[in-house]
Amino acid sequence: EPEVTQTPSHQVTQMGQEVILRCVPISNHLYFYWYRQILGQKVEFLVSFYNNEISEKSEIFDDQFSVERPDGSNFTLKIRSTKLEDSAMYFCASGTSGTGEQYFGPGTRLTVT
Amino acid sequence: QKEVEQNSGPLSVPEGAIASLNCTYSDRGSQSFFWYRQYSGKSPELIMFIYSNGDKEDGRFTAQLNKASQYVSLLIRDSQPSDSATYLCAVTDSGGYQKVTFGIGTKLQVIP
């Protein structure tokens, strides 16, 4: 069964450094998403991406964040200058339809020290 | 601020019983409703989605939607210990289907 994959599984970085989190969505999916989940808290929407552009973003997704689909398979989330409060699990998701059904990857745990 | 409310639990049910999980949402224009299961330390797994008022059944799971009351529920019949997990309710925003708001999740414990 096809699945979303994410790398790395765990990333440790120092405050102020840039990180890039990578995702390979399911191959026939057209809608791509990033979420984060701080330990013990809700899953929070960051951004959705369709047809090579951002379709929705949350107030969390400020100028420090960017997304890119550099080729036909990868979908990346970049955080330019990490803060301690960016420490969280980051999930990538993808879907076939515009009705919101999404399938999640295993996540990348980001630790900012 | 659009909200999705769930009782965080834990909800404890004996093996074989029906588990009933509830969710309310604040955005009256929401169109799509989802239930995800999340095991500890793992990612959310989509188990049910529903778009229309009424019931939708899939195996041991039944999702119920009442848009007038802004209420979604999930019933799990014949609960098994492997069903022990946190169940997340998720709702799309009325402005489009691409932004999804999650509830905190209800932790379900199925007691053997």
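The values are calculated or read from the model by the stated rules, or taken from the named source; none is laboratory data. Remember, it's a predicted structure, so these values are computed and weren't measured experimentally. No Cβ is skipped: glycine too gets one built from the backbone with ideal geometry, and neighbour counts run over all protein chains shown. Remember, those area values only see protein heavy atoms, side chains included, never the ligands or the DNA or RNA. Shrake-Rupley method; radii C 1.70, N 1.55, O 1.52, S 1.80 Å.
Given a 1.4 angstrom probe, what's the average accessible area per residue across chain A, in square angstrom?
Averaged over the residues of chain A, the accessible area is 49 Å².
Excluding B:Ser79 itself, calculate the net charge of residues whose Cβ lies under 9 Å from the Cβ of B:Ser79, where each Lys or Arg counts +1 and each Asp or Glu counts -1.
It works out to a net charge of -1.
Of all the accessible heavy-atom surface of chain A, with the other protein chains kept in place and a 1.4 Å probe, what percent is carbon and sulfur?
Carbon-and-sulfur percentage of accessible area, whole number: 46.
How big is the charge dipole of the protein assembly as shown about its Cα centre, in debye rounded to the nearest 20, if each Lys and Arg gets +1 on its Cβ and each Asp and Glu gets -1 on its Cβ?
200
Counting pairs of Cα atoms in the protein assembly as shown, how many percent are more than 34 Å apart?
14
What residue among A:Val47, A:Val12, A:Val67 shows peak mean-square fluctuation when chain A is described by a Gaussian network model with Cα springs under 10 Å?
A:Val12
Under 10 Å, Cα contacts only: if you run a Gaussian network model on chain A, which one of A:Lys78, A:Lys42, A:Lys57 comes out with the highest mean-square fluctuation?
Its mean-square fluctuation being the largest, the pick is A:Lys42.
Largest first and in whole Å, what are the equivalent-ellipsoid semi-axes of the range B:34-112 based on the Cα gyration tensor, each being the root of 5 times an eigenvalue?
22, 16, 10
Please list, ordered by chain and number, the residues whose modelled amide H lies under 5 Å from the amide H of B:Lys99; skip anything fewer than 5 residues away on the same chain.
B:Asp93
Which is farthest toward the positive dipole end of the range B:1-69 among B:Ala63, B:Phe34, B:Gly9, measuring Cα position about the Cα centre, with Cβ charges +1 (Lys, Arg) and -1 (Asp, Glu)?
Looking along the dipole axis, the top candidate is B:Phe34.
Please compute, for the alpha-carbon atoms of chain A, the extent along each of the three principal axes and give them in descending order in Å.
Sorted from largest, the Cα extents of chain A read 37, 28, 28 Å.
Work out which residues of the range B:77-112 lose at minimum 30 square angstrom of accessible surface when the other protein chains are put back, relative to the chain isolated, with a 1.4 angstrom probe, and list them by number.
B:Tyr97, B:Gln98, B:Lys99, B:Val100, B:Phe102, B:Ile104
Determine the total buried accessible area between chain B and chain A, counting protein heavy atoms only with a 1.4 Å probe; round to the nearest 100 Å².
1900
Heavy-atom accessible area per residue, chain B, 1.4 Å probe: how many Å²?
Normalised by residue count, the accessible surface of chain B is 45 Å².
With a 1.4 Å probe and all protein chains left in place, how much of the accessible area of chain B comes from carbon and sulfur atoms, in whole percent?
Accessible surface attributable to carbon and sulfur in chain B totals 48 percent.
Please list the radius of gyration and Dmax for the range A:57-113, considering alpha-carbon atoms only, with Å as the unit.
For the range A:57-113, the Cα-based Rg and Dmax read 12.8, 38 Å.
Using the Karplus curve 6.51 cos²θ - 1.76 cosθ + 1.60 with θ = phi - 60°, what ³J(HN,Hα) values do you get for each residue of the range A:57-71, in whole Hz, with x for Gly and Pro?
3J(HN,Hα) across the range A:57-71, in whole Hz: 8, 9, 5, 5, 6, 9, 5, 6, 10, 8, 10, 8, 10, x, 8.
Where is the GNM fluctuation largest for chain A (alpha-carbon springs, 10 angstrom cutoff): A:Leu77, A:Leu21, A:Leu30?
Of the options given, A:Leu30 has the highest mean-square fluctuation.
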